[in-house]
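See structure below.
The values are calculated or read from the model by the stated rules, or taken from the named source; none is laboratory data. For clarity, every value in this text was computed on a predicted model and none was experimentally measured. So basically every Cβ, Gly included, is an ideal-geometry build from the backbone, and we count neighbours across all protein chains shown.
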Amino acid sequence: MYRECPSSDDLEEQRPPFWLQRATAMIHEEFRRPLSVRGIAQEVGIHPVHLSRVFRRFHRASIGDTLRRVRVQFACDRLCEPGVQLADLALSAGFCDQSQLTHSFKRVVGTTPGRYREWARRSS
């Protein structure tokens, strides 16, 4: 007899494999350095394609999207600190440059870092 494929509801009830927990923790702890699917997969001992599929199944987002959101959240938390320059913030958040930060920030938050900073300062 053939086994049925697990539904997405069944997967939500399952615990993620230990290696997926390690991969997720790695993204949240090491987001400031350059990370790749291949590098994360090598670190946790799983094939990159398998890691990507299982990650998306459990997190409902790709590794790249998750990494981008973690980096943007870090930037949001730091934007209102006095004297923080966007270029320096971009590098410390793991982006290549200010342009990449601005593009990713707008994609995730819906506005630019500069406008977000103005809004956050007015709201305080």
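Numerical summary
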| item | result |
| --- | --- |
| Test: residue in region 51-73 that is at pLDDT below 95 and not in a loop (DSSP other than H, G, I, E, B) | no |
| Among (1) at negative phi; (2) surrounded by fewer than 17 Cβ atoms within 10 Å (Cβ to Cβ), the one test that I27 misses | (2) |
| Top-ranked residue of region 78-124 - restricted to ones that are assigned to a loop (DSSP other than H, G, I, E, B) and of a type in the set (D, E), ranked as nearest to F31 (Cα to Cα) | D97 |
| Which numbered condition D77 misses (of (1) exposed (fewer than 12 other Cβ atoms within 10 Å of the Cβ); (2) within 12 Å of the chain's Cα centre (by Cα)) | (2) |
| Sole exception among (1) free of Cβ contacts under 8 Å to residues at least 12 places away in the same chain; (2) in a loop (DSSP other than H, G, I, E, B) for Q21, by number | (2) |
| Residues that are free of Cβ contacts under 8 Å to residues at least 24 places away in the same chain and in contact with a helix residue (DSSP H, G or I) (Cβ under 9 Å, 6 or more places away or on another chain), drawn from region 40-59 | I40, A41, Q42, E43, H47, P48, V49, H50, S52, R56 |
